[in-house]
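A short write-up of the structure that comes next.
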Amino acid sequence: MANTRRAKPNSRTAPSRTIHKIKATLRDSRPPIWRRLEVPSGTTLRELHAIIQAAFGWEDYHMWSFDTGRDRYGMPDPGLGIRSAAAQRLGQAAPGAGSQLLYTYDFGDDWEHDILVEDITEPEPGIAYPRCLTGRRACPPEDSGGIWGYEYLIEILSDPSHEEHEDRLEWLGLDSADEFDPAAFDTAQVNSALSPLATVLVKH
């Protein structure tokens, strides 16, 4: 069950011990591709990158960044104006409910994820965070050309007579288009992927 206990501003719960409930949505995806996650507020943006990669099913092949509207964070690159994501925490970059971030993965395909902080709560005893509460639809394959290229890929896979159909199946390593379901989503599978990153904040 989702955590419904709000962290009180004057409580003794340290910011590093609160939980950010966030919704990450792949921008321009139709139908929307998204994940709802609970993440410790003290998570660095470098760690949040790893969490999003695991939650969506990306393979961490490419450059990435977070944009707060004022600053960009990622692997430090003064030439691109990117500051260290390891030095900025989620609770600092997005301090309250309603705060938003833009996460971009792969500066070529430009997979842009809108991240909305829906709530800030206290951790539940015995629960390991981060965890995925729910979500919708499969992650696009790596290097499929951004959201528009992905839509074209789905169109090709759904049409066995398309001239690129067999080439795309071979590129994806599939014997049949039925092996890729763009509507597929499994919360348990996502949480399994997140489990190496998860820790219990409050013991029973």
task = Search the stretch 108-142 for residues being outside any strand (DSSP E or B) and under 13 Å from the mean Cα position of the chain (by Cα), and hand back the single one that is nearest to A97 (Cα to Cα).
result = P130
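Residues of the stretch 1-32 being of a type in the set (S, T, N, Q) and either over 22 Å from I51 (Cβ atoms) or modelled with pLDDT under 50 (or both), which ones?
Filtering the stretch 1-32 for residues of a type in the set (S, T, N, Q) gives 3-4, 10-11, 13, 16, 18, 25, 29.
Correct list: N3, T4, N10, S11, T13.
Would you call P40 closer than 26 Å to I154 by Cα, modelled with pLDDT of 95 or more and not charged (D, E, K, R)?
On the way: closer than 26 Å to I154 by Cα: no; modelled with pLDDT of 95 or more: yes; not charged (D, E, K, R): yes.
It is false that P40 is closer than 26 Å to I154 by Cα, modelled with pLDDT of 95 or more and not charged (D, E, K, R).
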request  = Could you grab me the full set of residues in the stretch 152-183 that are in contact (Cβ under 8 Å) with a residue 24 or more places away in the chain and surrounded by 11 or more Cβ atoms within 10 Å (Cβ to Cβ)?
outcome  = I154, L172, F180, P182
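Evaluate the following for T104: is it hydroxyl-bearing (S, T, Y), within 26 Å of A188 (Cβ to Cβ) and either touching a strand residue (DSSP E or B) at 6+ places or on another chain (Cβ under 6 Å) or part of a helix (DSSP H, G or I) (or both)? Steps first, answer last, please.
Details: hydroxyl-bearing (S, T, Y): yes; within 26 Å of A188 (Cβ to Cβ): no; either touching a strand residue (DSSP E or B) at 6+ places or on another chain (Cβ under 6 Å) or part of a helix (DSSP H, G or I) (or both): yes.
Answer is no for this residue.
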Top-ranked residue in the stretch 44-103 [being hydrophobic (A, V, I, L, M, F, W, C) and surrounded by fewer than 19 Cβ atoms within 10 Å (Cβ to Cβ); ranked as farthest from V117 (Cα to Cα)] = L80
Only one of C139, C132 that is under 21 Å from Y61 (Cα atoms), surrounded by 11 or more Cβ atoms within 10 Å (Cβ to Cβ), in contact with a helix residue (DSSP H, G or I) (Cβ under 9 Å, 6 or more places away or on another chain) and touching a residue at least 60 places away in the same chain (Cβ under 8 Å) = C139
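The values are calculated or read from the model by the stated rules, or taken from the named source; none is laboratory data. Computed from a predicted model, the values in this text were never measured in an experiment. Methodologically, a virtual Cβ is constructed for each residue, glycine included, from the backbone with ideal geometry; neighbour enumeration extends over all protein chains shown.
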